[in-house]
Structures are given as structure tokens and as C-alpha cells.
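Below: one structure, written as C-alpha cells.
The values are calculated or read from the model by the stated rules, or taken from the named source; none is laboratory data. Small disclaimer: the values here were computed from a predicted structure and weren't measured. All Cβ positions, even for glycine, are placed from backbone atoms using ideal geometry, and neighbour counts span all protein chains on display.
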């Protein structure tokens, strides 16, 4: 089943044409990795999927993006509701300067959930799903900023999960973490895809090979190649893809 579909997406920052005719589909309950050198458009494209670029002055988009059959740029779409369905985890962990509990409950409280029992259940469930519950269950009222970097990133994932999205976007979620924390995040991605559709931008090609079902290679704003991860890494169809994954440029 198509979960995300983009058709001829072009994006501009002022006069700068940063995405050129990007068309691809992503199925539900899969992990798709975007790879390519810095400045190739992969993060811009990721942020098109939950309209994060709307905040950037001079940004404009052409083409269509559908998530679960809905045109997410339709005037009827409320961006707050879209971002609830399409959660985002950033490169650097960004917990709020609040308690662990308050961080996870934040989105639900904004939605107007006040029932203490519902909040407690949602916090526990989200922390379990993000593989953090065992480590923090006795410290829920400690500051989130007291956690390690890897724990903070899993807390940000729990915060995203609490509002029950269908899609999770991850912009280099492990690039600021040590190898052990990175391995935990990768393991978590593999578990989460049972219930969510995940799109990840990564500079780490080994990571893309380990966690993703399909990989898209971007270069100079163009989608050069998109296919099953194993095929793309072992039998790339394009010379530019091969040059990038073998380290000849990038």
C-alpha cells in the first residue's frame, strides 16, 4: 500500500532550485533512507513531507505530495494536525527543559488531554516503545536534560510517538551519538517499522544499509536512483550512485 507518494516535486529557496522533479512512492511499514552528499536536497525533501519548510522565507514548492492519500499541501489541511500524524526527530536531541514525564506528555496536553491516568498510560507506552522505560521509570520527574545524549534522543522519539503518528521522519537521528547509542537507535528503528512508516536521512551509508528497506540517492537536487537498499548498494544502476557509495566523491 502506498503510504507516501510524491509527484514532480520541485523546491526553491528564492532563485535557488534545490529539488528537481522528485517523484517516488514509499510503502507503509517500511524504512526508506535518503543518502547523498551535503547540500544535495535530501533534508529539504524530508522537511517537505511535514511542511517544515513553510517557515523558511523565500521557500516555494511545486508538485504534489500525498500521505495516506491526502494532499498535504491542500488549503484544507491544518499543519498542526499534519505534524501530529507525521512526526519528526531531529539530528540533535532537543528535549524541552522539563521533566521526562512532561516531555512525553507535552503533545497530548496541547491537544487538551487532562486526564492524569490517560497521560500516565500514554507516557509509559511511549517510553516502552522507544526502549527507554526500563532506564527512566523511577525518574520520570527528573529533568530530561539530565539524561545522556542517546537517552535524550530516545526521549524525543517517545515524545513523537505519544501523539500517535503514522509516519516518523528522522533527520540524521544518530549523527550526534556515540556508537552504542547509535546501535540502540538503529535497533529501535527496526522495531518501530512494524507500526510506523519511517523515512530517515543519513550520511552514514552503513547505517542506511543496516536499517532501510529502500534507499534514495540524491545528487545536486535530483533523485538519481531509488530502489531496494540491497540492490542499490550491491548493483547500483547509475555510475554516480556507484561513485558515491564507493567513496569516489561526496
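Matching residues to (1) surrounded by 21 or more Cβ atoms within 10 Å (Cβ to Cβ); (2) touching a helix residue (DSSP H, G or I) at 6+ places or on another chain (Cβ under 7 Å); (3) without any contact (Cβ under 8 Å) to a residue 60 or more places away in the chain:
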position: 127; (1), (2), (3): yes, yes, yes
position: 131; (1), (2), (3): no, yes, no
position: 163; (1), (2), (3): no, yes, no
position: 167; (1), (2), (3): yes, yes, no
Applying the selection to segment 12-28, what residues are within 21 Å of the chain's Cα centre (by Cα) and within 16 Å of residue 47 (Cβ to Cβ)?
-> 18, 19, 22, 24, 26
Restrict the check to segment 84-100 and report whether at least one residue is crowded, with 20+ Cβ neighbours inside 10 Å, outside any loop (DSSP other than H, G, I, E, B) and over 18 Å from the mean Cα position of the chain (by Cα).
-> yes
Read through the list (1) in contact (Cβ under 8 Å) with a residue 60 or more places away in the chain; (2) more than 19 Å from the chain's Cα centre (by Cα), then give the number of the only condition that residue 118 fails.
-> (1)
Does residue 75 satisfy the condition of being touching a residue at least 40 places away in the same chain (Cβ under 8 Å) and part of a loop (DSSP other than H, G, I, E, B)?
-> no
Considering every residue within segment 194-204, establish whether at least one is modelled with pLDDT under 95 and either more than 20 Å from residue 9 (Cβ to Cβ) or not in a loop (DSSP other than H, G, I, E, B) (or both).
-> yes
Note on residue 172: of the conditions (1) under 22 Å from residue 52 (Cβ atoms); (2) surrounded by 23 or more Cβ atoms within 10 Å (Cβ to Cβ); (3) in contact (Cβ under 8 Å) with a residue 40 or more places away in the chain, unmet is (2)
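Would you confirm whether or not segment 216-224 contains a residue that is surrounded by 18 or more Cβ atoms within 10 Å (Cβ to Cβ), in a helix (DSSP H, G or I), at pLDDT 95 or above and touching a strand residue (DSSP E or B) at 6+ places or on another chain (Cβ under 9 Å)? Lay out the reasoning, then the answer.
Applying the first criterion (surrounded by 18 or more Cβ atoms within 10 Å (Cβ to Cβ)) to segment 216-224 yields 216-219, 221, 223-224.
Within this subset, residues satisfying the condition of being in a helix (DSSP H, G or I) are none.
No, because not a single residue in segment 216-224 is surrounded by 18 or more Cβ atoms within 10 Å (Cβ to Cβ), in a helix (DSSP H, G or I), at pLDDT 95 or above and touching a strand residue (DSSP E or B) at 6+ places or on another chain (Cβ under 9 Å).
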Subset of segment 19-62 [touching a helix residue (DSSP H, G or I) at 6+ places or on another chain (Cβ under 9 Å), surrounded by fewer than 22 Cβ atoms within 10 Å (Cβ to Cβ) and on the phi > 0 side of the Ramachandran plot] = 51
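Check segment 189-205 and report whether any residue there is more than 21 Å from residue 26 (Cβ to Cβ) and either crowded, with 21+ Cβ neighbours inside 10 Å or out of contact with any helix residue (DSSP H, G or I) (no Cβ under 6 Å at 6 or more places or on another chain) (or both). Before you say what the answer is, go through the steps one by one.
Kept after step one, since they are more than 21 Å from residue 26 (Cβ to Cβ), are these residues of segment 189-205: none.
Within segment 189-205, none of the residues are more than 21 Å from residue 26 (Cβ to Cβ) and either crowded, with 21+ Cβ neighbours inside 10 Å or out of contact with any helix residue (DSSP H, G or I) (no Cβ under 6 Å at 6 or more places or on another chain) (or both).
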Run down 105, 122, 33 and say which single residue is modelled with pLDDT of 95 or more, under 26 Å from residue 202 (Cβ atoms) and not in a loop (DSSP other than H, G, I, E, B).
-> 33
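Take residue 183 and tell me if it is surrounded by fewer than 18 Cβ atoms within 10 Å (Cβ to Cβ) and under 22 Å from residue 92 (Cβ atoms). Working first, answer last.
Values: surrounded by fewer than 18 Cβ atoms within 10 Å (Cβ to Cβ): yes; under 22 Å from residue 92 (Cβ atoms): yes.
Yes: the conditions hold for residue 183.
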Go through (1) modelled with pLDDT of 95 or more; (2) closer than 22 Å to residue 158 by Cβ one by one and return the number of the condition residue 80 breaks.
-> (1)
If we keep only residues of segment 236-248 that are touching a strand residue (DSSP E or B) at 6+ places or on another chain (Cβ under 9 Å) and not in a helix (DSSP H, G or I), then the residue surrounded by the most Cβ atoms within 10 Å (Cβ to Cβ) is 236
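Scan 142, 109 and give me the residue that is exposed (fewer than 14 other Cβ atoms within 10 Å of the Cβ) and out of contact with any helix residue (DSSP H, G or I) (no Cβ under 7 Å at 6 or more places or on another chain).
Numbers: 142 fails: out of contact with any helix residue (DSSP H, G or I) (no Cβ under 7 Å at 6 or more places or on another chain).
That would be 109, the only listed residue that is exposed (fewer than 14 other Cβ atoms within 10 Å of the Cβ) and out of contact with any helix residue (DSSP H, G or I) (no Cβ under 7 Å at 6 or more places or on another chain).
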